[in-house]
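These notes are about the structure you will find just below.
The values are calculated or read from the model by the stated rules, or taken from the named source; none is laboratory data. Keep in mind it's a predicted model, so treat the numbers as computed, not measured. Glycine also receives a Cβ, built like all others from the backbone with ideal geometry; neighbour counts cover every protein chain displayed. To get the accessible areas, we keep the full protein, side chains included, count just its heavy atoms, and leave off ligands, DNA and RNA. Shrake-Rupley method; radii C 1.70, N 1.55, O 1.52, S 1.80 Å.
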Amino acid sequence: MEKFRLNADQLTCKIPIEDLRFETTEDLTPLYEMIGQERAAKAMEFGLNIQQRGYNIYVAGGWGTGRNTYVRYITSKKVLETPAPNDWIYVNNFKDPRQPIAIALKNGEGRKVKKSMARTIEFIQNEIAEAFISKEYENTKAILRQEYSQKNAVIIEELNEIGKKYNFAFTQTERGLVSIPLKNNKPMSEDEYRHITEEEYEQLSTNSNKLTLETVDLFNKLRSEEELYLNKLDDLDAKMGRKIVAFHIGNLIKRFGKNEKLKEYFESVIEDIVENLEEFKEEEPPAEGNPLAMLQQQRPKEDFFIRYDINLFVDNGDKDSAPVEFEINPTFVNLIGNIEYRNEYGAWKTDFTQIKPGALHLANGGYLIIQTRDLLTAPYAWQALKRALINKEVSIENIGKQSGVNATQTLKPQAIPLDVKVIIVGDFYTYNILFNYDEEFRKLFKVLVDFDDEVERNRESVLKMARFIASYAEKDNIKYFDKFAVAEIVNYATRMASNKDKLSAHLNVIVDIIYEADTWANIYGSKVVGKEHVQKALEEQKNRTNRFQRRLLENFEDGTYLIDVDGEKVGEINGLAVLGTGIQSFGKPSKITVSTYRGKAGLINIEREANQSGPSHDKGVMILNGFMGHTYAQDKPLTLSASIVFEQSYSGVDGDSASSTELYAILSSLSGLPIDQSFAVTGSVNQRGEIQPIGGVNEKIEGFYAVCKLKGLTGRQGVIIPHQNVKNLMLCQEVVQAVEDGKFNIYAISHINQGLELLMNKKAGERQKNGKFPRGTIHYLVDKKLEELAAPIMKRATDGRKAEMPEKVEAVEETKE
């Protein structure tokens, strides 16, 4: 028994204080990088450096491993090597306003262009308005009007000469040039016209038709003169307007004309202003009595001038390096941008100034960081991101198009070229799903940065942990930790990793302990955080979440849960399981009982029959069948039925960590040898009887110790664990002290025979050359019992062979005859 017992030094891995060559974390340089994770760091460095298409990055890892913090840190350093990207503006497309034009500008030029354009349009607006009320303009216009009037008068005089022949005269009215019949060489009044005779009316009609035919050419000439006059007025307006516009816009072209696309836009502005000079003239007051005057005034003149605005779509003027965008809500709209609408008198309207950028636009030329879960749960966002990366451009469109809804789409902005490194942060499970089922994902995210849940525990990582703690004193203004407190946190990180050679990479849990220990130091009025404050933080954290564990211990104490921690019983053994509430996990001892009897059903897993057994537990029970057959059924059939049950278990059982425990109980029931109830057992077993490691070994040991403490420690009680789990032992100080004082024991074994001898205080026995086990050993008694159970079947088989022999003899004799 002694050779399997572990000493106190093997139950934990305390850091030697002399290895910490500082007094407090004030002596250390703060660390803002990762602890360990060299493999992930290399992958990230490679992913950020490679520029080829498709080498976007997927960062995989568990919660709290520092993925997001590291991604922010490394990208913020990397962008310092890259200059700030271009500004982007959207301008009106005068030929097709539905398709606004995107123009790239040098970093910082966007604001200048927008401001200069607004000022220029204001100057043009004022100068044109002044120009069209100037004396020079009015004089020129008067000359043209006089020329037109003179020519018009000559033509009208010719018309009147012809009209006299048909008793008609032409006169100018508000409605234009009209013909009036004459009576006695004077214009006929309305009263006279109403009292003419039918013969006179027919004569007037005949003369009117003749007059019309004879004056067609003159009227055409009159219209030509009017059209010529209006064209001259338009030319006058255009000449004056173009002179003003060309001067001011020309200054913009001189200043920004190196950008060919912007130059083309400015030239199109000149032509559009010249075509719409009327909008620049001062408005004349509406005519009195016009019922439409109010409606005409409803459209503000400013609405027209929006067409000359500059939509500063992406402004990188304040940036000295490439952008890093962390999109916390990567919806379809937030990723690719949006076209907003405004309500005008009950109608929804939009224009190119309402185009808003998305995260892809803002991160263009730099890095975009997104959480996988947020991205995949946002409708259409994942498809939109892939489409943008595949096409290397971002097209802003209505989300209604994605859903098939016939949504109104009034604008189709020109797509903007995309040059961005996308980093999505998620877990490894999601990465596997995407990699296996999404072909485009494999093409677009070729770099995997895989964060481990634990890192190597060595001097370097321990020092980094201390520097990590020091960083929080600097950035969050908390107290410094002394080296004893640091050692306690390192031990806790090792406990979380469940490996003496590892540290947990779940740094968010460590940060919680840092904050809470600092709070307890403040409560106690300490200048630095000490070991006792870290222990207090851990203790109180446990107390806040251990309601279920306390209730469980109360049930053991008052006998609600049946368990024996002393004495001996046949076919009964103490198993160990781990329960978890999501916040805390703890060990729970369970009584396992076995009943064996003659039959062919094999091993009956009652948990499985009651649908309370998981697949791993079912597999463990099936392995026991394999062990029984391999060990005992080489010379006889295994005619055994055995029912196995976790007593008072109502919430289901999974995992194979109790398979060795169940096997001990089966062998006890078959051999009739009692099991020492002072022990609890955990460990998986294979078909050859070799003990295999399990998880949650610390919680299981501490759980059984707590029950034994309630029932009374005898010094015989202990836990049997797989020898491979010794490296996982990081037990609490109370259990370590109990082992050191001889009040509790922990044994590590490698084979089922070693456990049998510990539990039953008898030799297990090895099969001899004759195929039998040594008399009096455990395996001998089990084998003997199985022979007894198989005896009736063996006898029937023997009798059956004897009955067949005479028949064979008679058959031979008949053949001879």
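I need the full set of residues from the stretch 43-70 which are modelled with pLDDT of 90 or more, open to solvent by 20 Å² or more (accessible area, probe 1.4 Å) and either closer than 23 Å to residue 462 by Cβ or out of contact with any helix residue (DSSP H, G or I) (no Cβ under 9 Å at 6 or more places or on another chain) (or both), in order please. Hits for the stretch 43-70 are 43, 46, 50, 51, 52. Candidates in the stretch 59-85 are the residues that are under 16 Å from the mean Cα position of the chain (by Cα) and among the aliphatic types (A, V, I, L, M); of these, the one that is nearest to residue 318 (Cα to Cα) is 71.
Scoring residue 123 on the criteria (1) surrounded by fewer than 17 Cβ atoms within 10 Å (Cβ to Cβ); (2) closer than 30 Å to residue 371 by Cα; (3) modelled with pLDDT of 90 or more leaves a single failure, condition (2). Kindly list the number of the only condition in (1) farther than 22 Å from residue 98 by Cβ; (2) open to solvent by 30 Å² or more (accessible area, probe 1.4 Å); (3) in contact with a Lys or Arg (Cβ under 8 Å, 6 or more places away or on another chain) that fails for residue 371. Condition (3) is where residue 371 drops out. Comparison of 84, 104, 40 shows that the only residue that is among the hydrophobic types (A, V, I, L, M, F, W, C), touching a helix residue (DSSP H, G or I) at 6+ places or on another chain (Cβ under 9 Å), surrounded by 15 or more Cβ atoms within 10 Å (Cβ to Cβ) and under 25 Å from residue 328 (Cβ atoms) is 40.
Table: residues versus (1) within 28 Å of residue 277 (Cβ to Cβ); (2) open to solvent by less than 50 Å² (accessible area, probe 1.4 Å); (3) among the hydroxyl-bearing types (Ser, Thr, Tyr).
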residue	(1), (2), (3)
127	yes, no, no
132	yes, yes, no
145	yes, no, no
162	no, yes, no
165	no, no, no
196	no, yes, no
210	no, no, no
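Taken over the stretch 374-402, the criterion of being over 14 Å from the mean Cα position of the chain (by Cα) and open to solvent by 30 Å² or more (accessible area, probe 1.4 Å) is satisfied by 387, 390, 391, 392, 393, 395, 397, 398, 399, 401, 402. Pairs linking a residue in the stretch 413-430 that is without any contact (Cβ under 8 Å) to a residue 60 or more places away in the chain to a residue that is assigned to a strand (DSSP E or B) and open to solvent by less than 10 Å² (accessible area, probe 1.4 Å), with Cβ atoms under 7 Å and 6 or more positions apart or on different chains, are 418/394.
If you go through the stretch 713-731, how many residues are open to solvent by less than 30 Å² (accessible area, probe 1.4 Å) and either closer than 25 Å to residue 534 by Cα or without any contact (Cβ under 8 Å) to a residue 24 or more places away in the chain (or both)? Final tally of qualifying residues: 4.
The set of residues in the stretch 167-176 being at negative phi and either touching a Leu at 6+ places or on another chain (Cβ under 9 Å) or open to solvent by less than 40 Å² (accessible area, probe 1.4 Å) (or both) consists of 168, 169, 170, 171. List pairs: first in the stretch 305-322 and part of a helix (DSSP H, G or I), second open to solvent by less than 50 Å² (accessible area, probe 1.4 Å), Cβ under 7 Å, 6+ apart or cross-chain? Final answer for the pair search is 305/121; 306/351; 306/353; 307/92; 308/117; 308/121; 308/269. Residues in the stretch 675-691 include none that are in a helix (DSSP H, G or I), crowded, with 23+ Cβ neighbours inside 10 Å, touching a residue at least 24 places away in the same chain (Cβ under 8 Å) and hydroxyl-bearing (Ser, Thr, Tyr). Residues in the stretch 156-183 that are among the β-branched types (Val, Ile, Thr) and in contact with a strand residue (DSSP E or B) (Cβ under 9 Å, 6 or more places away or on another chain): 156, 162, 171, 178, 180.
Residue pairs whose Cβ atoms lie under 7 Å apart, separated by 6 or more positions or on different chains, with the first residue in the stretch 379-399 and without any contact (Cβ under 8 Å) to a residue 60 or more places away in the chain and under 17 Å from residue 412 (Cα atoms) and the second acidic (Asp, Glu) and buried (at least 16 other Cβ atoms within 10 Å of the Cβ), do not occur.
Residues that are part of a helix (DSSP H, G or I) and either at pLDDT below 90 or in contact with an Asp or Glu (Cβ under 8 Å, 6 or more places away or on another chain) (or both) within the stretch 250-272 comprise 253, 256, listed in sequence order. Scanning the stretch 695-709 for residues that are closer than 21 Å to residue 675 by Cα and either in contact with a Ser or Thr (Cβ under 6 Å, 6 or more places away or on another chain) or open to solvent by 30 Å² or more (accessible area, probe 1.4 Å) (or both) turns up 700, 709.
Whenever a residue of the stretch 563-584 is at pLDDT below 90, its partners that are of a type in the set (S, T, N, Q) and open to solvent by 20 Å² or more (accessible area, probe 1.4 Å), lying with C-beta atoms within less than 6 angstrom and at least six residues away or across chains, give the pairs 578/585; 583/545; 584/545.
Counting only helices (runs of 4 or more DSSP H) that sit completely within the stretch 324-392, those holding 2 or more residues that are of a type outside the set (S, T, N, Q) and more than 24 Å from residue 47 (Cα to Cα) correspond to 332-336. Only residues that are open to solvent by 10 Å² or more (accessible area, probe 1.4 Å) and either more than 48 Å from the chain's Cα centre (by Cα) or charged (D, E, K, R) (or both) were counted in the stretch 732-744, giving 5. Within the stretch 708-726, the presence of a residue that is within 21 Å of residue 645 (Cβ to Cβ), basic (Lys, Arg) and part of a helix (DSSP H, G or I) is excluded.
Exactly one residue among 481, 435 is of a type in the set (Phe, Trp, Tyr) and crowded, with 21+ Cβ neighbours inside 10 Å, and that residue is 481. Taking the conditions exactly as written (closer than 16 Å to residue 476 by Cα and at pLDDT 90 or above), does residue 532 satisfy them or not? So residue 532 does not fit the description; no. Looking at the stretch 279-292, is at least one residue outside any loop (DSSP other than H, G, I, E, B) and either modelled with pLDDT of 90 or more or open to solvent by less than 20 Å² (accessible area, probe 1.4 Å) (or both)? No: the stretch 279-292 contains no residue that is outside any loop (DSSP other than H, G, I, E, B) and either modelled with pLDDT of 90 or more or open to solvent by less than 20 Å² (accessible area, probe 1.4 Å) (or both).
So that you can scan it fast, the table gives a plain yes or no per residue for (1) touching a strand residue (DSSP E or B) at 6+ places or on another chain (Cβ under 8 Å); (2) within 25 Å of residue 763 (Cα to Cα); (3) at pLDDT 85 or above:
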{"position": "612", "(1), (2), (3)": "yes, no, no"}
{"position": "618", "(1), (2), (3)": "yes, no, no"}
{"position": "638", "(1), (2), (3)": "yes, yes, no"}
{"position": "682", "(1), (2), (3)": "yes, yes, yes"}
